[in-house]
Structure formats: structure tokens, C-alpha cells
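Note sheet for the following structure.
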Amino acid sequence: MKYALIGCGRVSPNHIQAAKNNGLEIVALCDVVPEAMREKAERFELGSVPQYTDYKQMLKEVQPELVAIATESGKHAAIALDCIDEGCNVIIEKPIALSLADADAIIRSGKEKGVAVCVSHQNRFNKSIQYIRKTLEEGRFGRLLHGAATIRWNRGREYYDAASWRGTWAMDGGCLMNQCIHNIDLLCWMMGDEIEEVIAYTDRLMHPYMEAEDFGMAMLRFRNGAYGLIEGTVNVYPRNMEETLIIFGEKGTVKAAGTSVNTIAEWAFADCPDDPEYVKSTYSENPPNIYGFGHTPLYADVIDSIRNSRTPYVDGEAGRRALEVVLAIYQSAALHEPVRLPLDKCSTVDFEGRFR
């Protein structure tokens, strides 16, 4: 299967390695910075793979079957729509887009063209998360009571200065949209996805040079009667502390933790069919960075979905739901009132000037 990558920045090594691990034919790299492409081609021994600074030219000349989009977030939608228009299946780095209108356009276009649309929420494929999900689907939690997602990380001036789009409303959003959306996706997926109401606070406490938030807290109320708590920050001194996902049910409690919720830290169920220490040791991993090991299985699933004409495990609708939650948090914080879902229209640019 012919594969191309658009965007050779911070997360691109995970995409290239996942493509290689799954035996894809890497036919092109694309980035507006030629040095970024050359470095990746050399690091991953891609030989004389064609390199483009114009993705539209690349699509016409190379005609890939599968394209991964790992550019700045504000460009995801336009590039994805162009790729889909050319008949390409797409893997879109999170978030799927920065507006609900753009997310809807991607989903609609993918269906019309009959191509796969996947959003790279790769942590769904963590061994820890997959085992928790299996246990949830078996009904072992009983009634879900509440869940909590915490992302306590550090991002300093150097991180934001390295790319001018970071922390802007037009191209990124703040810590909830960029750093926290993976765990927000997991929380909502585990707790039932259907959210009735969001109430939230956001603020810019430590980063006056960025436009969007560096801190956010929110409470979600799900249609099934459960609640969700979100705490996200990039202000933790002096480095990343933790990312955790906790689920409380009437008959079970689970805590996933570690660099990117790759470990199981707590495991307790009323039915006691498995040894907690065995579960913790068997379903925990130690990834080298925050991106974890999920890209390779995510790619494997997308390839299989293309070959068997089925929906990817993490499809466009899943990406849209995560986007909607973050936008609802932004809206609640800006209005200082609860926000009901579903949202009608919303985009990150609606909040420009929020922290002036």
C-alpha cells in the first residue's frame, strides 16, 4: 500500500516507524521545511524517497493510497479534505480539526468518497487501555459512577518558541486541545461518550506569550448518569509529572497512569477473577516518550479497515466527539455558565482575545 506523510515535525517519527512496522511502501514525505524531511529520510533510512514542499503536487504525482497528516492542527482540515478529494484514505493527527464545521466536512467527504478517515488517538491501543476497555465491555464495573482524567505536564517558553503556531487560537488552541485531548478522548470513550452538560474554567496562568489556555478544569455530566472530571495543565514545575485515567464503578475501580496512561496502577473488582498484581505487570508498558506505542497498532487497524471496507477503530466521528468536548469546555469557561451538548457551531477562533 502506497503511503505518504505530510508534516515531518515532532510526532512524525512515530508515524514513519508505524508505517515501516506495518510494511507500507513509503512513497513520499512532505513538509514546508526541507531540512525536516531530509533528517527523517536519513534517520529512517528511506533512501531517495521523493520529498515535496507542496502537498497538492505530491498528491498528483505520487498518488498515495494512504496519507498521514501531522502538520499544525489548524491545517488538518484543509489538507484532509484535499487528500480525500483525491481518493486517499487518511490518518489525521489529533485534533481532527479546530471547528465542528470542518470536522463535519471531513466526515461527510470521507463517506462520499468511500475512503477511511482515522483520527490518531493512538492511546486507545495501549495494552492498559485495551484491557480496561475489555473489562468495561464485559460489564464488570457495574454502574459507572464517575471518571477522572488528569494531565499534569510542563511546557515552557522554549516549546512555544520552537513553532509559532503553538498556543494560538487559529492554529492550535491551548493545553486542553493539544496536550490533553488524548486523555479527554479516553475518559469520554470509557464513560459512555454521550455528554449532556459541561461546566468549566480555563485560564492562562504562566504563559503570557501564548494566546490560549495553559490550565483547565471541567466537569462533565453523561447521559447515563455518570460524571467526568478533567484537570489539564502545562504549568507543573519542573517537568511532566503524570497522566492518569481513573474509572469508578459500583463494582470496580481502575487507575491507568504513567507517561501516557501506559500502566495500570490500581485494579480492584468485586468479582475478583484476576490477580491485581498480575494485571498490573502484564498490561503495563514503559514507552520512551509521551507518544507511547499506539501508532503501530493504529496503523495496522487502518490498513485492515481499508482492505476489508470497514470503519477504522478510531474513526472521524470519534475525533469529532473529542473535539466537541474541548470546544464545549472553552465555551463554558468563556460564558461562565454550563453548556449543553450537542453544540451547534463552535471553533477555536471564537475565543480569540479571551485572555487579553
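Details
- For the stretch 2-54, dividing the convex hull volume of the Cα atoms by the residue count gives 65 Å³ per residue.
- Computed on the Cα trace of the stretch 213-356, the radius of gyration divided by the Kirkwood hydrodynamic radius gives Rg/Rh = 1.00.
- Loop-located GluC sites (Glu not before Pro) in the stretch 33-84 whose Cβ has at most 14 other Cβ within 10 Å (DSSP): GLU45
- The alpha-carbon of LYS111 sits under 22 angstrom from the alpha-carbons of these lysines, leaving out residues fewer than 8 places away in its chain: LYS2, LYS56, LYS60, LYS75, LYS94, LYS345.
- The charge dipole of the stretch 97-213, taken about its Cα centre with unit charges on the Cβ atoms of Lys, Arg (+1), Asp and Glu (-1) only, comes to about 540 debye.
- Legend: calculated FRET efficiency, ALA268 to VAL236, from the Cβ-Cβ distance at R0 = 30 Å, rounded to 0.05, equals 0.60.
- Separation of alpha-carbon centers, the stretch 192-222 and the stretch 118-138, rounded to whole Å: 24
- Mean-position separation - Cα centroids, the stretch 72-89 and the stretch 1-63, in angstrom: 16
- For peptides 79-86, 320-327, 346-353, sequence by mean Cβ density within 10 Å, most packed first: 320-327, 79-86, 346-353
- For LEU229 and GLN57, the difference between the fully extended length at 0.36 nm per residue and the C-alpha to C-alpha distance is 57.4 nm.
- With the alpha-carbon atoms of the stretch 41-147 aligned to their principal axes, the span from lowest to highest coordinate is 54, 37, 24 Å, starting with the largest.
- The GluC sites (Glu not before Pro) found in the stretch 226-269 that occupy coil by DSSP, while having at most 13 further C-beta atoms within 10 Å, are GLU250.
- Prolate/oblate/rounded call for the stretch 179-290, Cα gyration tensor, a/c under 1.5 rounded: oblate
- The value for the chain of Rg(Cα) / (2.2 N^0.38 Å) is 0.97.
- The tail of the calculated P(r) for the stretch 145-222, taken as Cα-Cα distances beyond 16 Å, holds 53 percent of the pairs.
- Taking N as its residue count, the alpha carbon Rg of the stretch 276-356 over 2.2 N^0.38 Å: 1.61
Rule-based calculations on the coordinates, nothing more; no lab input. The model shown is predicted, which means the values in this text are computed figures rather than measured ones. When we count neighbours, we look across all protein chains shown, and the Cβ atoms used for this are built from the backbone with ideal geometry, even at glycine.
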